[in-house]
Amino acid sequence: NAGVTQTPKFQVLKTGQSMTLQCAQDMNHNSMYWYRQDPGMGLRLIYYSASEGTTDKGEVPNGYNVSRLNKREFSLRLESAAPSQTSVYFCASSIWDSNQPQHFGDGTRLSIL
Amino acid sequence: TQLLEQSPQFLSIQEGENLTVYCNSSSVFSSLQWYRQEPGEGPVLLVTVVTGGEVKKLKRLTFQFGDARKDSSLHITAAQTGDTGLYLCAGVVDSNYQLIWGAGTKLIIKP
């Protein structure tokens, strides 16, 4: 009963490097989300995908890109990592819109040196 | 900018005590969700409140939605060490895809 699976769980990057965070859900959900969580700031939405084939910016999209590869998978890419992007990144999914509960993965802890 | 303020930010109490966590906003929400997050894991939904004045109970946890749907509270009776975690509230506006998140209340229950 996997739910939402994120890879990797931990990553350390140097400033300027690029990487892609992977997310997959097996609940046949239509909507998927990427958040970052920083101490004292709660969860901030980076990008979301309301349905397969669509993506939209959230509150803090600068420095990130996303791809909704298919209904199951939603990836987040950092093209040129910056120390300000050090954070814990969570992927979530829901059946449809925000009225439905969101199901979260266990996060990727990313440090940019 | 819509804000959802949670208080207190941090609470450390002894097992057996009662506590209340608050979420307040100037915005009206169509519903409000409460999540709990444990270290190293993602948030997990506890409850959704929808109607103004609604009260929902989950064992020792009581959730209330304000009459005007601008605020909510979580009351825990006789706290247990297993209640330790980060409690997050999230408001739903207009059935879009963006929740309004509170910053969270970090709760520690000491044995």
### Task
Only loop residues by DSSP count here, and only those with at most 13 other Cβ atoms within 10 Å; note down the GluC sites (Glu not before Pro) in the range A:2-91 that meet that.
A:GLU79
### Task
Skip the ligands, DNA and RNA, and give the accessible area per residue of chain A with a 1.4 Å probe, whole Å².
46
### Residue-count net charge about B:PRO39 - beta-carbon cut-off 13 Å; Lys, Arg +1, Asp, Glu -1
0
### Task
Could you check how much of the accessible area of the protein assembly as shown is carbon and sulfur, as a whole percent, using a 1.4 Å probe?
49
#### Entry: Fully extended contour minus Cα-Cα distance, from A:LYS57 to A:SER18, at 0.36 nm per residue
12.1 nm
### Query
Where does each of B:THR48, A:THR5, B:THR105 land when they are ordered by accessible area, with a 1.4 Å probe and the largest first?
A:THR5, B:THR48, B:THR105
### Task
Please give the FRET efficiency for B:VAL93 paired with B:GLN14, using the beta carbon to beta carbon distance and R0 = 45 Å, rounded to the nearest 0.05.
0.75
### Task
Count, for each residue of A:90-102, the Cβ atoms from other chains sitting within 10 Å of its Cβ, then give me the mean as a whole number.
5
### Task
Quick one: give the max-minus-min coordinate of the C-alpha atoms of the protein assembly as shown along each principal axis, largest first, in Å.
48, 37, 37
### Query
For chain B, which longest stretch is free of loop sites, where a loop site is one of the trypsin sites (Lys or Arg not before Pro) that DSSP puts outside H, G, I, E and B and that has at most 14 other Cβ atoms within 10 Å?
B:1-58
### Query
Roughly how many Å is it from the Cα centre of the range A:1-30 to that of the range B:60-111, as a whole number?
27
### Query
How many square angstrom of accessible surface are buried between B and A, both sides summed, with a 1.4 Å probe and rounding to 100?
1700
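The values are calculated or read from the model by the stated rules, or taken from the named source; none is laboratory data. None of the values given here were measured: they were computed from a predicted structure. As a convention, Cβ positions derive from the backbone with ideal geometry for all residues, glycine included, and neighbour counts pool all protein chains shown. What goes into the accessible areas is simple: the full protein's heavy atoms, side chains included, and nothing from ligands, DNA or RNA. Shrake-Rupley method; radii C 1.70, N 1.55, O 1.52, S 1.80 Å.
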